[in-house]
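The values are calculated or read from the model by the stated rules, or taken from the named source; none is laboratory data. Note that the structure is a prediction, hence the values are computed from the model and not measured. Here Cβ is always computed from backbone atoms with ideal geometry, including for glycine, and neighbour counts include all displayed protein chains. The protein model used for the area step is the full one, side chains on, heavy atoms only, and it has no ligands, DNA or RNA in it. Shrake-Rupley method; radii C 1.70, N 1.55, O 1.52, S 1.80 Å.
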Amino acid sequence: MQKGQIRVHTENIFPIIKKFLYSEHEIFLRELISNAVDATQKLKMLANSGEFKGELGTLDIEVKLDAAKRTITISDRGIGMTAEEVDRYINQVAFSSAEEFLSKYKGDGASIIGHFGLGFYSAFMVSERVEIVTRSYREGAQAVRWVCDGSPEFTLEEAERPWRGTDVILHLYEDSLEFLEPERIRAILLKYCRFLPVPIYFEGKQINNTEPIWIKRPSELTSQDYQKFYKELYPHYDPPLFWIHLHVDYPFHLNGVLYFPKISRNFDIQKDRISLYCNQVFVTDEVKDIVPEFLMLLHGVIDSPDIPLNVSRSYLQGDPNVRKINSHITKKVADKLEEIFKQDRKELEEKWEYIGLFVKYGMMTDDKFRERAQAFLLMQDAFSTSTWYTLAEYREKAAPLQTNQDQKLVILYTTDVDQQYSYLQAARDRGYVVVKLDSIIDAAFIQSMEEKWEDVVFTRVDADIPERLVKRDESSHSVLTAQQEARLKELFAKEVPNPAYRVELKGLSPETQPVVATRPEMNRRLKEMASMSGQAASWYGRIPDELVLTVNTNHPIYQQILQEQNEEQQRKMIRNLADLALLSQQMLSGEALNQFIQRSIELMSGIKKSSIILPS
Ligand SMILES: Nc1ncnc2c1ncn2[C@@H]1O[C@H](COP(=O)(O)OP(=O)(O)OP(=O)(O)O)[C@@H](O)[C@H]1O
C-alpha cells in the first residue's frame, strides 16, 4: 500500500472546502456525476476511434445510498484510472484545481455562477472520508483503492474490482446525513442531471433524458416534440404559444429552445424560467445578464459551453461573448416574430393578447428590439375585434384626420370599450380610428413610446371633447350671446360646486352632447402611474381626479333652459345635465346617483316626491 501526502500549500484546505458555498453543498453530486459522464464519454470516444476494442457493455451510471454505512456511491463504467492516473488526476490535478479555485474565489462564493471548477474535491464538502475504487479500461489493468479522510494524507492500494470503471464512495459527515434521504437525492439529480447524455439510475429507475431536444436539429423535430418537451420542463403550464430553436456555432457555441408561454392577463409572471446548461449539465436558472431582461419572461433552455460559468456577475456583464449571446437571442426572437407576422399574421393576432406583453416590454427596454418590433406591433380596432393595425397601417388610415397642429400623429385609444362607449362613438362619428390599449402594460408602454417616437402622441378617447382630441388651431363659434353665456356659467357654478371639476363653455356641434365630461390625459396618466408603482399615497397619488365639464353652448337644450321661468326647474335641468356627463365617466354613485334618479323622475313627471300622498 502506498501512503502519501497531497502537496498542500494551505495545510487545511478541506475545512475550507467544506465551509465553502455552504448553501450549495448539494453540488457535490453534480460534480461527481459530471466526472462519471466524462469518463463514460471518453470511453465511447476511444471505442469509436478503435483505441478501445473491448466490450462496451452497459454504460449506465448508478447512484446508491446505504443508510447503515452512511455512504453514497456513484458508479460508472467509464475509462477508470490506473494507480498512476489516480495519483496524477486526483492527487495532483484535481487537488491543484480545487486549490486554485478556492484561492480565486475565497469570500466571493455568492457571486459565482455555477461554481464549476471545484470538481472532485467538492466531495469533501459533505464527506469525512472519500474512497475511490477504480479499474482502468486498459487490458489487464489492476484495480486500485484511494482513500482520503479529509486531511492531506491519502492511501492508495491494490483492490478487487471485477469490471472496468469507477466507484466514488462518500462516507458522509454527521451533519450531511440529509443526503441519505432518497427524496433529497432524487431532487438534486432531477435538478442538475436531468438531461445528461449518459443514463443515470437511482433506485432502479433512470432519472434522465439523455437526448433533450435542444441538442437535435430542428429538421429532426416535430411540433409535438417541442410541446412534449415543454410539458416535461413545466408540467403545470398551459401549452406554449410558439418556440424558437437556437443554434449557433460561431462566434460561440449555443443551443437552446425558448418558449413563449401563455401568460395570463393578470401578469402573474415568473422570471427565472429559463435554465442555463453547460454541455447538458444544469448550471443555474438565474440567467440575468445572459438573456435580455425582457426575454426573461420566456421559458426554456440555453446550453452553451462558452458562457464563463465560474466568474463573478460583474465580470459576466462585461464579457463580450455574453453580450453577443444577448443580442443574438434578441435578434432571433425578433426574426421569429417577424416570420410569423409575414407568414401567418392571423396567428399573431390571435395570440397577441399574450405575445403583446413581450413585444411591448421588449420595445420599452431594448432599443434594437424596438426598431425591429415596430414593424409587427399590433393594435386592435376598438370597434372591430378582427381589425388590427401595425403602426404604419394606423398612420396611413388615420393621419389625414388625426395629425395635430404639431404635425404629430394622434393615436386615439380606449382602455375600456364599455365604459368609454359614448366617447368612442363620438370619436367614430368624427371619422377617427380608435384602438384598444387595455393590457396591464399599456399605460407604461404609451408613456415610453411617446418618448421614443417623436412624431406620435397617444390620447385616450375621453381625454378631451371630441373636437379637441386632435389639437388644431380652430376657433369655435357659440350661438349664445355674452349675456346668456354669463347666466349659464353662473347656473353651472351654483350646481357643480366641486373645485376639482372645471366647467368651461364652448360652442361645439349642436349634435354633440350638452355637457361632456373629460379626464385630461396627463392628470390621468400621473395618477395611473402612481397607483401602478404602489405610490398611491405620494404627491401624485393625492392630486385630485381632474375633470373638465365642457358645456356645449350650441346644443339647443340651452335655449330652452335659458327661457325657463321657473328657476328651480332650470337649476334641476342644469344639475341633471352635469350628472349625465358624470355618469358617462362612471363618477356618479351613492347619494348623488340617488338624487339624480329622483330629480329625473321629477323632471319627467312634474311631480315632487314630497308631494306624493301615500295611501292610508
Ligand atoms: N469517475 C471518474 N472516472 C475517471 N476519471 C475520473 C473520474 N473522476 C475524476 N476523474 C479524473 O480526475 C480528474 C480531476 O477531476 P475534477 O473533477 O477535479 O476536475 P475535472 O473534471 O478535470 O474538471 P472540472 O473542474 O470541470 O470538474 C478528471 O479530469 C479525471 O481525469
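Using a 1.4 angstrom probe, figure out how much accessible area the range 166-250 has per residue, in square angstrom, rounded to the nearest whole.
Heavy-atom SASA per residue in the range 166-250 reads 51 Å².
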Q) Helix 27-49 versus the longest principal axis of the chain: what is the Cα-based angle in degrees, 0 to 90, to the nearest 10? A) 70 degrees
Q. Between the helical axis of 223-233 and the dominant principal axis of the chain, each derived from Cα atoms, what acute angle in degrees is found, rounded to the nearest 10?
A. 80 degrees
Q. Under a 1.4 Å probe, what is the accessible area of the range 286-411 per residue, stated in Å²?
A. 43 Å²
**Q.** Modelled FRET efficiency - R0 45 Å, residue 493 with residue 429, Cβ distances, 0.05 increments
**A.** 0.90
Q.
I need the Kirkwood Rh of the chain: take the reciprocal of the average 1/r across all distinct C-alpha pairs and report it in angstrom.
A. 30.3 Å
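Measure off, as a whole percent, the carbon and sulfur share of the 1.4 Å-probe accessible area of the chain, all protein chains present. Mind dumping the intermediate values first?
Numbers: 14860 of 29970 Å².
The computed percentage sits at 50.
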Q | Cβ charges +1 (Lys, Arg) and -1 (Asp, Glu), total dipole of the range 149-291, debye | A | 1120 debye
**Q.** Longest to shortest principal axis, alpha-carbon extents of the range 406-528, angstrom
**A.** 47, 29, 26
Q: Rank by packing, highest mean first: peptides 370-380, 403-413, 384-394, with packing defined as the count of other Cβ atoms within 10 Å averaged across residues.
A: 370-380, 403-413, 384-394
Q.
Can you find, among 304, 192, 364, the residue sitting farthest towards the positive end of the charge dipole of the chain, where Lys and Arg contribute +1 and Asp and Glu -1 at Cβ?
A. 364
Q: Taking amide H positions as placed in the peptide plane 1.01 Å from N, state which residues far from residue 159 in sequence (5 or more) or on other chains have amide H under 5 Å from it.
A: 143, 144, 145
Q) Under a 5 Å amide H to amide H cut-off, with H placed in plane at 1.01 Å, what residues pair with residue 283 once short-range neighbours are removed? A) 276, 277, 278
Q: Classify the range 378-474 as rounded, prolate or oblate, taking a ≥ b ≥ c as the square roots of the eigenvalues of its Cα gyration tensor: rounded when a/c is under 1.5, otherwise prolate if a/b is larger than b/c and oblate if not.
A: rounded
Q: List the residues whose amide H sits under 5 Å from the amide H of residue 78, counting only those 5 or more places along or on another chain, with H placed 1.01 Å from N in the peptide plane.
A: 166
Q: Using just the helices of the chain, give the 222 nm mean residue ellipticity in deg cm²/dmol: DSSP H runs with n ≥ 4 each add -39,500 (n - 2.57), and the total is spread over all residues, rounded to 500.
A: -11000 deg cm²/dmol
Q) Tilt of helix 95-105 relative to the longest C-alpha principal axis of the chain, in degrees (0 to 90, nearest 10)? A) 30 degrees
Q. Hey, got the dipole for the chain? About the Cα centre, +1 on K and R Cβ, -1 on D and E Cβ, debye to the nearest 20?
A. 840 debye
Q) If you plug each phi of the range 131-146 into the Karplus form 6.51 cos²θ - 1.76 cosθ + 1.60 with θ = phi - 60°, what whole-Hz ³J(HN,Hα) values come out, in order, with x for Gly and Pro? A) 10, 10, 10, 9, 9, 5, 6, 5, 4, x, 5, 8, 6, 9, 10, 10
Q: Take the alpha carbon gyration tensor of the range 209-261, find the square roots of its eigenvalues, order them as a ≥ b ≥ c, and report rounded if a/c is under 1.5; if not, report prolate when a/b exceeds b/c, else oblate.
A: prolate
Q. Could you give the accessible area per residue of the range 482-611, probe 1.4 Å, as a whole number in Å²?
A. 55 Å²
